[in-house]
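FYI, it's all coordinate maths here, none of it is from the lab. Because the structure is predicted, anything quoted here is derived from the model rather than measured. A quick note on method: Cβ atoms are made from the backbone with ideal geometry, for glycine too, and the neighbour counts reach across all protein chains shown.
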Amino acid sequence: EAQVTQNPRYLITVTGKKLTVTCSQNMNHEYMSWYRQDPGLGLRQIYYSMNVEVTDKGDVPEGYKVSRKEKRNFPLILESPSPNQTSLYFCASKRRMDSYEQYFGPGTRLTVT
Amino acid sequence: AQSVAQPEDQVNVAEGNPLTVKCTYSVSGNPYLFWYVQYPNRGLQFLLKYITGDNLVKGSYGFEAEFNKSQTSFHLKKPSALVSDSALYFCAVNGNNAGNMLTFGGGTRLMVKP
């Protein structure tokens, strides 16, 4: 089954404790991205990757890092999480940068206390 | 900068009645427009898109959307609502000279009552 998976699905952590949210897709997609969803703000793009070793900032990159060492994986790293990063995070992928349809993962709900 | 507005936080409709979820946008150049649906505890699912061509586009689950360039709108519609259509709906836009950036609206919760 074609899908985007994320782990963990739920995470509660404390301020300053580094964490990684993993994302993997099995569709051989070149393009992957991370979004955060906050009430009333819709989804805002954090980072995206057009292919292996190619990443760039989205609308709200501050406080986040990403890497793309393999085509299927695109982890999101929070080096020093803060309470304002409490949110619902979605990973997404699409075939190429100029493809239209994105496939979303199930989401990771992060709470930073 | 491109933007999307969904003016209604929530839309309530009775089962069997037609529904409309509103979306207006602002972009430079020609817009590429999308609707996504999010069911509880799930990721976003693609419903439909407008890239070019016929202003009325048909998508999944009986939904359709009408692109209106003069009003910069892309309202989502369905002739007869089902209780199972209750979900959060997002409109999104990608201007053709905005690279790959997809901008989402704030979302509209659709509640269909039996």
**Asked** Residues of region B:86-109 being within 13 Å of the chain's Cα centre (by Cα) and over 17 Å from B:Ala5 (Cβ atoms), which ones?
**Response** B:Ala87
**Request:** Within region B:87-111, count every residue that is more than 14 Å from every other protein chain (Cβ to nearest Cβ) and in contact with a Leu (Cβ under 6 Å, 6 or more places away or on another chain).
**Result:** 0
**Message:** Taking the conditions exactly as written (β-branched (Val, Ile, Thr), closer than 26 Å to A:Tyr10 by Cβ and surrounded by 14 or more Cβ atoms within 10 Å (Cβ to Cβ)), does B:Val93 satisfy them or not?
**Reply:** no
**Asked** Which residue, of B:Leu33, B:Leu47, B:Leu76, is in contact (Cβ under 8 Å) with a residue 24 or more places away in the chain, in contact with a helix residue (DSSP H, G or I) (Cβ under 6 Å, 6 or more places away or on another chain) and assigned to a strand (DSSP E or B)?
**Response** B:Leu47
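Test B:Ser26 against the stated conditions and say whether it is exposed (fewer than 14 other Cβ atoms within 10 Å of the Cβ), under 15 Å from the mean Cα position of the chain (by Cα) and closer than 26 Å to A:Asp98 by Cα.
no
Counting residues that are within 14 Å of another protein chain (Cβ to nearest Cβ) and within 10 Å of the chain's Cα centre (by Cα), which strands (runs of 3 or more DSSP E) fully inside region A:63-113 reach at least 2?
Once the strands (runs of 3 or more DSSP E) in region A:63-113 are filtered for at least 2 residues that are within 14 Å of another protein chain (Cβ to nearest Cβ) and within 10 Å of the chain's Cα centre (by Cα), what remains is A:87-94.
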